Amino acid sequence: MSGTVSSGANPSVWVERDDLLLTPPTRPALAADIETDVLVVGAGVAGLHIAYELLAAGTKKVVVVEDGKVGSGETGRTTGHLSVDNEYNEFLSLHGATVTAQVAEAQQAAVERIAQIVEKHGIACDFARVPGYMFHGLAPSDKDHDQRLLESIYDAAAGTGKLSLSYVDDATIPGFKSGRAIRFDRQATYHPTKYVRKLAQVVEELGGKIYETTHVQNYEESGGDTRGVTATTSDGKTIKADAMVMATNVPLQKLMIIDRLEPFRSYALAFKVPTSSVSTTHESALWWDLADPYHYVRVTPHKDDGFSLLVVGGEDDKVGQHGDSDARYARLEQWTRERWSGLGQVEYRWSGQVWDTLDGLAYIGRDPGYKNIYIHTGDNGDGLTYAAIGGLVLSDLLNGRANAWAHTFSPMRQHDPSHLKQIVKLLPDYITDNLHDQIYYAKWFTRCTRTMSDIEDLVSGQGDVVRDGIHPTAVYKDEKGQVHKMSAVCPHLKGIVAWNGDEKSFDCPIHGSRFTCDGNVVNGPAKSGLASRS
């Protein structure tokens, strides 16, 4: 795994009919100091939406920098849902009716905005309108099947007045009687790498500049300078801008925000299935259950005529703290085969990283403590719709226009007295999560008995974290049998990384930073890689 083409070793289903994640970067790296109006860091779907909206408004010059290539981060590892599936009863309890309605309005508007962009620019990305079904997950005959939860979600969602939905008798899953379900109309799916490939071209056609393999190492507000922000790349180039937006999945080393985010790995499988068997109505759809852990399902075309790929995700776990990915994939496969009849073999399996916020809503807006730096993070598993929301909100903010959703998604919203009840409700979970982090530190130091002598047992293509004296050391044996040694201490806040044998990366369980098998940073908040010990 190089990190420049994908953030994981397992190819996602999106390589099925698109080679974006199979080819090296094609755009140049930044080769000289430059200036611009807005610097966007990150060329995934969020960064490109933000750049697009700014350029479409015709008021700003925009530069986008990406440390890999377009779409090489988590965009290429999503499952491609464009939806409004939320547990609206929880939003209503936590945020109240006004904010809950704004969230519903914003997410449906995001689906519509993506549809407009696809149509306007002729983006061939398999965009399709589909219904979405939210169902309990257990059969009605199961003793733990409680229809009241689904009813409360329906009542809260319908109460927003912003969504087209209905209560139906069945979720149309072949081979499984779901019981009643909520049907959400006007949902959609697309092929995410086909979409971002073309969206990047549109950004350039509108005058934007995109630089690949360009890693922003540091940044600072410029004080009395004519430009508000100066960013410095890992090879010393500078980018001066009036404003900077971090659309990097997670901001670069901002503890005030990082401490309000929790990183998870979400797992996915793609099954070959006859297209006629995807649902009892023979139409594509989206499906989401209410289990814990939850599951989410969609359909995408297969390369063979008459077949589709049923893409199923779920079994989320906290980054770096389990190492049981095979068991999670197995449970995911079992769950799917118990509900969908006629499935063929699993053709793809992979995982992606999602960031959950304390209160379930993304952080989109000015970074607390700064005047000219903005962030887009905390998508809570809805990264594609939040990307479009981020483009609309941040374009308005950067152009000095009012936006009806700006306060709802503001990173500073939890400092507002009106959100005191949220903090009180969520404080126990916050304390528990941080306690788990501290326990992880202690467990490693007391339980790790593996030493450098144990690396002889490593098979090629695998890694581990061992003791080298008193020093935690990350080791990886490449396909030629050469051993690479690095510090296992994350440069962000000194967490001890864990080996992810599924995606062949070293992952920090404290704040979710990830590193390639040779130590290069793949995912922040760390800004630099693991220190070499070779």
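The values are calculated or read from the model by the stated rules, or taken from the named source; none is laboratory data. These numbers were taken from a predicted model, which means no experiment stands behind them. Cβ atoms come from the backbone with ideal geometry, glycine included; neighbour counts cover every protein chain shown. Side chains included, ligands, DNA and RNA excluded: accessible areas come from the protein's heavy atoms. Shrake-Rupley method; radii C 1.70, N 1.55, O 1.52, S 1.80 Å.
Filtering region 163-173 to residues that are open to solvent by 10 Å² or more (accessible area, probe 1.4 Å), under 22 Å from D144 (Cβ atoms) and not in a strand (DSSP E or B) leaves D169, D170. Quick check: anything in region 244-265 over 17 Å from K527 (Cβ atoms) and small (G, A, S)? Taking every residue of region 244-265 in turn, none turns out to be over 17 Å from K527 (Cβ atoms) and small (G, A, S). Selection of first residues in region 192-212 that are within 14 Å of G47 (Cβ to Cβ) and of second residues that are part of a helix (DSSP H, G or I) and of a type in the set (D, E, K, R), restricted to Cβ pairs under 7 Å at least 6 apart or on distinct chains, gives the following pairs, ordered by first then second residue: I210/E204. Criterion applied to T79, T100, T75 was being polar (S, T, N, Q), closer than 28 Å to A9 by Cα and in contact with a Phe, Trp or Tyr (Cβ under 7 Å, 6 or more places away or on another chain), and the one residue passing it is T79. For region 174-187, a tally of residues being surrounded by fewer than 22 Cβ atoms within 10 Å (Cβ to Cβ) and not charged (D, E, K, R) returns 4. Selection of region 477-534 for residues being of a type in the set (D, E, K, R) and without any contact (Cβ under 8 Å) to a residue 24 or more places away in the chain yields K477, E479, K480, K494.
For region 291-308, the set of residues classified as outside any strand (DSSP E or B) and among the aromatic types (F, W, Y) consists of Y294 only.
Tell me yes or no: at least one residue of region 80-89 is closer than 30 Å to A156 by Cβ and over 20 Å from the mean Cα position of the chain (by Cα).
yes
Of all residues in region 474-498, how many are surrounded by fewer than 22 Cβ atoms within 10 Å (Cβ to Cβ) and not in a loop (DSSP other than H, G, I, E, B)? Here the count works out to 6. If only residues of region 78-90 that are touching an Asp or Glu at 6+ places or on another chain (Cβ under 9 Å) and in a helix (DSSP H, G or I) are counted, the one that is least open to solvent (accessible area, probe 1.4 Å) is Y88. The condition of being closer than 30 Å to T59 by Cβ, touching a His at 6+ places or on another chain (Cβ under 8 Å) and either modelled with pLDDT of 95 or more or of a type in the set (A, V, I, L, M, F, W, C) (or both) holds for only one of V202, V229, that being V202. Of all residues in region 15-58, those being closer than 23 Å to V521 by Cβ, outside any loop (DSSP other than H, G, I, E, B) and modelled with pLDDT under 95 number 3. If only residues of region 309-348 that are in a loop (DSSP other than H, G, I, E, B) and of a type in the set (S, T, N, Q) are counted, the one that is surrounded by the fewest Cβ atoms within 10 Å (Cβ to Cβ) is Q345.
Within region 17-58, count every residue that is surrounded by 17 or more Cβ atoms within 10 Å (Cβ to Cβ) and either in contact with a strand residue (DSSP E or B) (Cβ under 8 Å, 6 or more places away or on another chain) or of a type outside the set (S, T, Y) (or both).
So the answer is 24.
Could you please let me know if L150 is part of a helix (DSSP H, G or I), touching a strand residue (DSSP E or B) at 6+ places or on another chain (Cβ under 9 Å) and under 16 Å from Y294 (Cα atoms)?
Answer is yes for this residue.
Summed over region 224-273, the residues that are open to solvent by less than 40 Å² (accessible area, probe 1.4 Å) and closer than 30 Å to F307 by Cβ give a count of 8.
Screening S351 on (1) open to solvent by 10 Å² or more (accessible area, probe 1.4 Å); (2) within 12 Å of L269 (Cβ to Cβ) shows it passes everything except condition (1). All conditions in (1) without any contact (Cβ under 8 Å) to a residue 40 or more places away in the chain; (2) under 26 Å from K237 (Cα atoms) hold for L22, with the sole exception of (2).
The set of residues in region 261-279 that are at pLDDT below 95 and touching a helix residue (DSSP H, G or I) at 6+ places or on another chain (Cβ under 7 Å) contains only E262.
Among the conditions (1) open to solvent by 50 Å² or more (accessible area, probe 1.4 Å); (2) over 27 Å from V522 (Cα atoms), N218 misses just one, which is (2).
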